[in-house]
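Reviewing the structure listed below.
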Amino acid sequence: MGKFEYAPAPESRDIVSLRESYGLFIGGEFTPGVDDRAFKTISPATEEILAEVTEAGPADVDRAVSAARQAYEHTWSRLPGKERAKYLFRIARIVQEKARELAVLESLDNGKPIRESRDVDIPLVAAHFFYHAGWADKLEYAGYGPAPRPLGVAGQVIPWNFPLLMLAWKIAPALACGNTVVLKPAETTPLTALAFAEICQQADLPPGVVNIVTGAGETGRALVTHPGIDKVAFTGSTEVGKEIARACAPSRKKLTLELGGKAANIVFEDAPVDQAVEGIVNGIFFNQGHVCCAGSRLLVQESVHAEVLAALRRRLETLRLGDPLDKNTDVGAINSAAQLAKIRELSEVGEAEGAQRWSPPCELPVKGFWFPPTVFTGVSQAHRIAREEIFGPVLSVLTFRTPAEAVEKANNTPYGLSAGVWTEKGSLILWMASRLRAGVVWANTFNKFDPASPFGGYKESGYGREGGRHGLEAYLDV
Amino acid sequence: MSDPATRSDGAAPARIAVRKTYKLYIGGAFPRSESGRSYVVTDHRGGFLANAALASRKDARDAVAAARKAFAGWSGGTAYNRGQVLYRVAELLEGRRAQFAAEVRATEGLGVRQAEAVVDEAIDRWVWYAGWADKLAQVRGAANPVAGPYFNFSLPEPTGVVAVIAPQASSLLGFVSVIAPAVVSGNTVVALASERSPLPAVSLSEVLATSDVPGGVINVLTGRTAEIAPWLASHMDVNAIDLCGASGSSADDLAVAAAENLKRVVRAGDEDWTLTPSLERMLAYLETKTVWHPAAI
């Protein structure tokens, strides 16, 4: 099959007006940092500097927590649920109104294809606010007692893979339940969070209800260890999650963690191959594999291994890698130089340990951070590429013979965030689903998300759920 | 247990009582501590009651291994069956009311009526939890209306092996109140009994062994809290821990150790065990699993 030729179809970036520098969003206003420190955020696709962003120090975090506390005590906790709801509905609407601008900004700062930010990230952001808005005046029906109370001030730290979506996952339930927040976006992707601060201003959200402090690990540490925080929510690596769990243990702060994963995507011999291949591609190459629930371990039943791999290779040859703002792009840029180095290192280890590496013919842009879709075959369970989270477009392929072996291999990991099952047999799906030790099981689909659907991990993938009725528990005093 | 046949005048008793050896309960068997150690357990006045097994790190690890081995079978059974098994424990306990009342009385220093009330409450607690087994999924599960052609549901599942540092003061009712909420949903348990008052928990393990609770589902250790709790808190194959019986600063240390593999940690302290329990403990050992499937053709 010949490759289709596409003319470039870039989304215009004129819709985004970037400022040269951004302050911290504290108490409803953008303010300079106390220490006057700043860092630059770049486009990972071109290494172009997009803006300068303030690095919040402990004194800034302290100001933000005080603003959140004051807003909690004097405004937000006194506001009836039905009024809080209206603010959240407003935010949802403004996100929809600015959807295109936010999508372009997200793709610029993160490197993800515009198709994803436009069709997945931003619509889900609006949906999260819309969904949780409706809970704000109905919490007594959520199953946490007749008058569930908020916790107070939430300190929230989010990753760079879905910047605005992770913000929505954190802020929407927190506000709906009556808490105020201080949120720190990832240092490589702060821009949509700062755009969200402007949305809060447009929505007339009372000052201090949402505070955004930008910075790196030190800022995050200052936030989660701040004694004025009642609740900590973190999405990121398991390593940092454990550090936070240790730091929070004596303080008795309520803690929820969404951490790493090494999901098995399991293909049985009776699965429709073309659909399964689409699911495999979506599972690991969606968002460049920067997905904690990515299907990074493909478990194929031995009898169809050759057939599935051939179809997968054919499909990967059609993937288009390049300009994130091009509407034809399937695979965008790796988010940072550091992440690219990690993906390269683990891929080299994969080769050194004896697995066979394959990528489709794929021209990488000269500037920016890029890594081709990569498939390792002949992977054993002992290989590091089968055990460690790579967080990139790298798939490790293993085989199995029986359903019991598939379960055994799928569960052979300290993680437990997600899993995929592909088969036409209903009883096998349910049998597998009940045995896979993972918080989300996608059967004959993969990487689907919805605000009504609880998401979160077993074991070292963290604790607590986000989304649905279950997600409210994280922000209520229950 | 003070020997009822011992006479104060020093004359030979009519019959010498047969004393019981209080052992550990691991994997359905009653081993002594592999360390060969024991410690003296006294009544509330300081009189000798028995030598209890002084569990070692190895015993704790054996107990975790037994609990892990039992997990698949216990969690894989039906909720209806688990409910009946828990109810069966209540039935057997009811038949041993007098024995437990005497043991609780001796160690906690309660009056006769008080001790009986505590035992009754412990029996009723098993009945209460037995009824929960096949209701949790309906109370904690959900069908989720996602915006697309998918069937999507969420179910509670047990988290795995739960280590329990049992309350120090309430030797039977407190003990039952911290293990039943873990096993009802399919978790398996390693429980460290009250250090000062371990005997009712050991006797309860004899009830468990003769009921229908499969071996390994509930394992009971006796010994020093300060010695054993850190091994349970840091054990990488334990999924959750209840720090009820650990005191303030040491509970903080245990919680820090538990973070190493992100154990679910219950920090609710000692409470009035005679009240109807909150759902906190039961829910703490549940994971929520969400399953998606396309619903379009």
Per-residue [θ]222 nm for the protein assembly as shown (sum of -39500 (n - 2.57) over DSSP H runs n ≥ 4, rounded to 500): -12000 deg cm²/dmol
Point-to-point label distance, A:Arg344-B:Ser278, nm (Cα→Cβ direction, 7 Å offset): 5.2 nm
Backbone N under 20 Å from the B:Ala169 label point (7 Å along Cα→Cβ), restricted to segment B:12-49: B:42-46
Just want to confirm a number: the relative contact order over segment A:17-123, from Cα pairs under 8 angstrom separated by 6+ residues, in percent. 23 percent
HN-Hα couplings for segment B:249-258 via Karplus (6.51, -1.76, 1.60; θ = phi - 60°), in whole Hz with x for Gly/Pro, come out as 5, 6, 5, 4, 4, 5, 5, 5, 4, 5
Give, rounded to the nearest 20 debye, the magnitude of the charge dipole that segment A:264-443 has about its Cα centre when Lys and Arg contribute +1 at Cβ and Asp and Glu contribute -1 at Cβ. 300 debye
Given the C-alpha atoms of segment B:38-294, compute the convex hull and give its volume per residue in Å³. 124 Å³
Which one of A:Val65, A:Gln381, A:Val224 has its Cα pushed farthest toward the positive end of the charge dipole of the protein assembly as shown, where Lys and Arg give +1 and Asp and Glu give -1 at the Cβ? A:Gln381
Pairs A:Lys425/B:Lys69; A:Lys86/A:Lys170; A:Lys242/A:Lys459; A:Lys98/A:Lys327; A:Lys262/B:Lys263: which are spaced more than 21 Å apart, C-alpha to C-alpha? A:Lys425/B:Lys69
Along Cα→Cβ, 7 Å out, is where each label goes; now give me the distance between the ones at A:Asn328 and A:Asp36 in nm to one decimal. 5.0 nm
Modelling each spin label as a point 7 Å along the Cα-to-Cβ direction, I'd like the A:Ile15/B:Phe48 distance in nm, to one decimal. 8.6 nm
In degrees rounded to 10, the 0-90 angle between helix A:238-248 Cα long axis and the longest Cα principal axis of chain A is 30 degrees
Which ordering of A:Leu325, A:Leu18 is given by a fewest-first count of other beta-carbon atoms within 10 Å? A:Leu18, A:Leu325
For chain B, with a Gaussian network of springs between Cα atoms less than 10 Å apart, report the residue from B:Asp272, B:Asp242, B:Asp124 with the top mean-square fluctuation. B:Asp272
Mean Cβ count within 10 Å, highest first, over the residues of peptides A:95-103, B:184-192, A:399-407, A:326-334: B:184-192, A:326-334, A:95-103, A:399-407
Here FRET efficiency (C-beta to C-beta, A:Glu48 to A:Glu239, R₀ 35 Å, nearest 0.05) is 0.70
Please give the helix A:122-135 orientation as an angle from the longest Cα principal axis of chain A, in degrees from 0 to 90, rounded to the nearest 10. 50 degrees
May I ask which residue of A:Ile244, A:Gly215, A:Thr188 lies farthest towards the positive end of the charge dipole of segment A:188-244, with charges of +1 (Lys, Arg) and -1 (Asp, Glu) on Cβ and the Cα centre as origin? A:Ile244
Find the relative contact order for segment A:264-443 and round it to a whole percent, using C-alpha pairs within less than 8 Å whose residues are 6+ positions apart. 28 percent
Give me a single rounded figure for A:239-248: the average over its residues of other chain Cβ atoms within 10 Å of their Cβ. 3
Per-residue HN-Hα couplings for segment A:359-366, Karplus 6.51 cos²θ - 1.76 cosθ + 1.60 at θ = phi - 60°, whole Hz, x for Gly and Pro? 9, x, x, 7, 8, 9, x, 6
Considering the options B:Gly73, A:Ala452, A:Gly111, tell which one lies farthest towards the positive end of the dipole of the protein assembly as shown, charges being +1 on Lys and Arg and -1 on Asp and Glu at the Cβ, about the Cα centre. B:Gly73
Out of B:Pro198, B:Pro167, B:Pro31, any idea which swings most in a Gaussian network model of chain B, alpha carbons joined below 10 Å? B:Pro31
Charged-residue dipole, Cβ positions (Lys, Arg, Asp, Glu), segment A:1-78 about Cα centre, Debye nearest 20: 300 debye
Just B:Ala193, B:Ala142, B:Ala11 to compare: in a GNM of chain B, with alpha carbon springs under 10 Å, which one fluctuates most? B:Ala11
antiparallel share of DSSP beta bridges within segment A:264-443, to nearest 5, in %, is 10 percent
Other chains' Cβ within 10 Å of A:407-419 residues: what's the mean? 1
So if I place +1 on the C-beta of Lys and Arg and -1 on the C-beta of Asp and Glu, and nothing else carries charge, what would the dipole magnitude of the protein assembly as shown be about its Cα centre? I want it in debye, nearest 20. 1600 debye
Can you sort A:Leu183, B:Leu172 from fewest to most other Cβ atoms within 10 Å of each residue's own Cβ? A:Leu183, B:Leu172
DSSP-defined beta bridges in the protein assembly as shown - what % are antiparallel, rounded to 5: 35 percent
Find how much the distance from B:Asp270 to B:Ala296 grows on full extension, using 0.36 nm per residue of separation minus their present alpha carbon separation; answer in nm with one decimal. 4.2 nm
May I ask you to sort A:Val53, A:Val304 by Cβ crowding, counting other Cβ atoms within 10 Å and putting the fewest first? A:Val304, A:Val53
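Throughout, read-outs are computed from the coordinates displayed, never taken from laboratory work. What you see is a predicted model, and the numbers here were worked out from it, not measured in a lab. All Cβ positions, even for glycine, are placed from backbone atoms using ideal geometry, and neighbour counts span all protein chains on display.
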